[in-house]
1. With an 8 Å cut-off on Cα pairs and a minimum separation of 6 or more residues, tell me the relative contact order of the range 5-297 in percent.
2. Just subtract the alpha-carbon distance of residue 190 and residue 154 from 0.36 nm times their residue separation and send over the number in nm, one decimal.
3. What order do you get for 117, 163 when you list them from fewest to most C-beta neighbours inside 10 Å?
4. Would you mind ranking 189, 260 so that the residue whose beta carbon has the fewest other beta carbons within 10 Å leads the list?
5. Please work out whether the range 1-93 counts as rounded, prolate or oblate from its C-alpha gyration tensor, where a ≥ b ≥ c are the square roots of the eigenvalues and a/c under 1.5 means rounded, while otherwise a/b larger than b/c means prolate and anything else oblate?
6. Return the Cα extents of the range 5-297 along principal axes one, two and three, sorted largest first, each rounded to a whole Å.
7. Mind ordering 124-134, 44-54 by average Cβ neighbours within 10 Å, highest first?
8. Any idea what % of Cα-Cα pairs in the range 41-104 are farther than 15 Å?
């Protein structure tokens, strides 16, 4: 059976994401910011905000870069799930959801409009939110754990609490305002954190929000999400009205979810490379190739211009 041309095209683009980023990093001699770039200037002017952490700007950048690395890996994984036959029905949606969320959050963290103070503040907010999520996860599994596991969890809880306290103390020491909930728990720095849906909508508007809701419906196993990727297999002749269905790749859903996730990723990666003053020749070459496909993937949408950020 000949391979589906559209699947082949999608897979080739997804597989080449990591190549495009890696080639650009290599062409720029590594991960460092170029002299005179916005990132280099932020690092040079971080002095008033240095206390316990000696690299507050890079701390903030590192979270966004980890998220982009995660998104890159997820795109590669989607490509592997798109081998034919068979093509997975549910896996690509869950992976695209994670890639979209990570890309949108990275895009927001790498906002070129942020000054040094707010760059550090936004990074600290991310640290606080994530450490609190770790503590909530530990609390949630305590009731299922053995006595030995609870003891190990307590050690990890103590370590996490200590890190959270240290970040809050360091943040206050450099003169940034720690925002707190009514009970006094820290929730962010200078601004309140926003959720994944809000971050995606901030970047991509309703297109991103609707795509994320659809992908989340699949990832969370909702009836709508699961049923939207089923096809009729047959009926039980002895059971009137009972249909047999099985997972089925819905090409329209796959096209659009990958297109939106890639668009978010492209925008975030452009912010990263512009912030660091990198030569983007190799990246732009890949981006133009991807843009031709994205223009056909987005429902009724034109190809977004290369370099959109």
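1. Working: 363 pairs, mean separation 81.5, N = 293.
Dividing the mean separation by the residue count of the range 5-297 yields 28 percent.
2. Working: separation 36, 0.36 × 36 = 12.96 nm, distance 3.05 nm.
Net length gain for the segment: 9.9 nm.
3. On the way: 117 18, 163 13.
With the fewest neighbours first, 117, 163 line up as 163, 117.
4. Numbers: 189 27, 260 30.
The most exposed by this proxy come first: 189, 260.
5. Numbers: a/c = 5.32, a/b = 2.57, b/c = 2.07.
Judged from the Cα gyration tensor, the range 1-93 comes out prolate (a/c at least 1.5, a/b above b/c).
6. That gives 74, 55, 34 Å along the principal axes, largest extent first.
7. Top of the packing list down: 124-134, 44-54.
8. Values: 1226 of 2016 pairs.
Tail fraction, whole percent: 61.
A short reminder: the numbers here are calculations on the coordinates, not readings from a lab. Predicted model only: the values in this text are computed from it and were never measured. Cβ: placed from backbone, ideal geometry, glycine included. Neighbour counts: every protein chain shown.
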